[in-house]
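This report refers to the structure that appears directly beneath it.
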Amino acid sequence: MRIRQETPADYPVVYTLIKDAFASAEHCDGNEQDLAAALRQSTSFVPELSLVAEADGCIVGHILFTKIRIGTSTQLALAPLSVLPAFQGQGVGSALVRQGHQIARDLGYSYSVVLGSETYYPRFGYVPAEQLGIQAPFPVPAENFMAAKLTEDAPPVRGVVQYAPEFGI
């Protein structure tokens, strides 16, 4: 498997991949592929943090991190993470998250937030965001709105997350 930065030529394949990945997801709104497309056009887009995983020359996974505000600090939101159903459970998503976190650290980001599975994301250091002084801008179970410090010495942040307008929040 190879992880690389997504290119514009990948957009149609990734659009379908995201749609297929979320087709059977327990918690989704069915518009994740449209959100990714909109975020690519936003000022919150960080091209280096839009990654694809390839297996045998085919794109089988995608991850996107975009800029958010927490108080006066610019940090990241992980959304969406998508893996083709036939490749789920094989480490593709884990590899994408880990590579994304490394690139984010290299770019100087200290935190990432995610709205997702409380059984999946903790393996990457995500904890309920409220434990780090980070609040969701909408009602959500605390165990599903999580944040991870990307560096051990990350300066504290406090406040309500301000997502890119494309999230519709």
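The values are calculated or read from the model by the stated rules, or taken from the named source; none is laboratory data. All figures in this text were calculated on a predicted structure; none of them were measured in a lab. Every residue, glycine as well, gets a Cβ built from its backbone with ideal geometry; the counts of neighbours run over all protein chains shown. Just the protein is used for accessible areas: all its heavy atoms, side chains included, with ligands, DNA and RNA removed. Shrake-Rupley method; radii C 1.70, N 1.55, O 1.52, S 1.80 Å.
Assorted remarks:
- Note on E54 and N31: the model spin-label points, each 7 Å out from Cα along the C-beta direction, lie 3.3 nm apart.
- When every Cα-Cα distance of segment 13-169 is counted in 10 angstrom steps from zero, the calculated P(r) takes the values 11, 43, 38, 8, 0 percent.
- Only protein heavy atoms count here; under a 1.4 Å probe, D10 has an accessible surface of about 10 Å².
- Mean projected area of the convex hull spanned by the Cα atoms of segment 27-114, taken over all viewing directions: 6.4 nm².
- Ellipticity at 222 nm from helices only: DSSP H runs of n ≥ 4 in the chain, each -39500 (n - 2.57), divided by the residue count, give -6500 deg cm²/dmol.
- Order of exposure, largest accessible area first, which applies to T43, T74 with probe 1.4 Å: T43, T74
- Base-10 log of normalised Debye intensity for segment 7-75 (one unit scatterer per alpha-carbon) at q = 0.23 Å⁻¹: -1.07
- Pair E130, V46: separation of 7 Å Cα→Cβ label points (nm): 2.7
- Qualifying GluC sites (Glu not before Pro) in segment 49-147, where qualification requires a DSSP coil assignment and no more than 16 other C-beta atoms within 10 Å, comprise E118, E143.
- Think of the chain as a dipole: +1 on every Lys or Arg Cβ, -1 on every Asp or Glu Cβ, centred on the Cα centre; then among S73, G57, L39, S73 lies furthest on the positive end.
- Computed from Cα positions, the angle between helix 11-22 and the longest principal axis of the chain comes to roughly 70 degrees.
- Largest-first ellipsoid semi-axes for segment 92-169, taking √(5λ) over the Cα gyration tensor eigenvalues, angstrom: 19, 15, 13
- The charge dipole of the chain, taken about its Cα centre with unit charges on the Cβ of Lys, Arg, Asp and Glu (plus for the first two, minus for the last two), comes to roughly 360 debye.
- Tensor-based shape of segment 124-167 (alpha-carbon gyration tensor, a/c under 1.5 rounded, otherwise prolate or oblate): prolate
- Mean accessible surface per residue for the chain, computed with a 1.4 Å probe while every protein chain stays in place, in Å²: 50
- Per-pair calculated FRET efficiency, R0 = 35 Å: N144 and Q102 via Cβ, rounded to 0.05: 0.90
- At q = 0.14, 0.17, 0.25 Å⁻¹ the log10 of I(q)/I(0) for segment 80-136 amounts to -0.43, -0.63, -1.17, computed by Debye summation with a single uniform scatterer per C-alpha, solvent ignored.
- Shown for the chain: the carbon plus sulfur share of the solvent-accessible area, taken with all protein chains present and a 1.4 angstrom probe, equals 51%.
- Computed with a 1.4 Å probe over protein heavy atoms only, the accessible area of I68 comes to about 0 Å².
- The GNM of the chain, with springs linking C-alpha atoms under 10 angstrom apart, assigns the highest mean-square fluctuation among A21, A38, A86 to A86.
- Whole-number percent relative contact order across segment 46-106, with pairs defined as alpha carbons under 8 Å at least 6 apart: 32
- When R158, R40, R98 are compared by accessible area of protein heavy atoms, the largest-first order is R158, R98, R40, using a 1.4 Å probe.
- Chymotrypsin sites (Phe, Trp or Tyr not before Pro) within segment 114-153, DSSP loop, no more than 16 other Cβ atoms inside 10 Å: Y120
- Considering only alpha-carbon pairs that sit under 8 angstrom and 6 or more positions apart, the relative contact order computed for the chain is 21 percent.
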